[in-house]
Amino acid sequence: MRAQFWTLPLTELTHQEWEGLCDGCGKCCLHKLEDEADGAVYYTAIACEQLDLNSCRCTNYAARAELVPDCIDIRNGYQGSSYDLSDLPASCSYRLRAQDQQLPDWHPLICGENLSIHSHNKSVQGKVLSAANVHEDEFEDHIIRWIEL
């Protein structure tokens, strides 16, 4: 990977650099609910069944699209500014870089600490439940407000 690749526009990243940009927060793996009346999106404390709740990484990343048909592949959908990243958390590395903003000091690429996302309490670690343990009809009971959009 190139030195300080995280400062480049997203469209210039190699596959390996794109994957390396992820901070591992797990927030994109949370189920979201959309209000049909106004289109507002709400995050829940319910994680995809494929998310390891401790590491906050997908347990089947390579096969995620087959296992979870509605899993969003951010890179395949991103085409410069034409792709809407507004449903991703404000702290998301991809959203920040798409807006030409710098990564935060706690990001592993900036501080050099792989698990900094957890030690700085920026991940979903210890805050969410697996969808395997919650019936879909109960997702609305688990709407959270601690993720900034």
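The values are calculated or read from the model by the stated rules, or taken from the named source; none is laboratory data. In this text, all values refer to a predicted model and were calculated from it rather than measured experimentally. Cβ coordinates were reconstructed from backbone atoms using ideal geometry, including for glycine residues, and neighbour counts include every protein chain displayed.
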Residue 75 vs. criteria among the basic types (Lys, Arg), under 20 Å from residue 147 (Cβ atoms) and surrounded by 11 or more Cβ atoms within 10 Å (Cβ to Cβ): no
Single residue of the range 1-26 satisfying the filter (within 23 Å of residue 56 (Cα to Cα), among the charged types (D, E, K, R) and free of Cβ contacts under 8 Å to residues at least 60 places away in the same chain) that is surrounded by the fewest Cβ atoms within 10 Å (Cβ to Cβ): 19
Matching helices (runs of 4 or more DSSP H) fully within the range 24-133 where at least 1 residues are in contact with a Lys or Arg (Cβ under 9 Å, 6 or more places away or on another chain) and farther than 24 Å from residue 11 by Cα: 116-119
The range 30-72: number of residues that are over 25 Å from residue 17 (Cα atoms), small (Gly, Ala, Ser) and surrounded by 14 or more Cβ atoms within 10 Å (Cβ to Cβ): 2
Members of the range 94-149 that are of a type in the set (Gly, Ala, Ser) and closer than 14 Å to residue 22 by Cβ: 98, 116, 123
Complete set of residues in the range 1-13 that are in a loop (DSSP other than H, G, I, E, B) and more than 19 Å from the chain's Cα centre (by Cα): 1, 2, 3, 4, 8
Residue that is modelled with the highest pLDDT [pool: residues in the range 134-149 that are exposed (fewer than 12 other Cβ atoms within 10 Å of the Cβ) and in a loop (DSSP other than H, G, I, E, B)]: 135
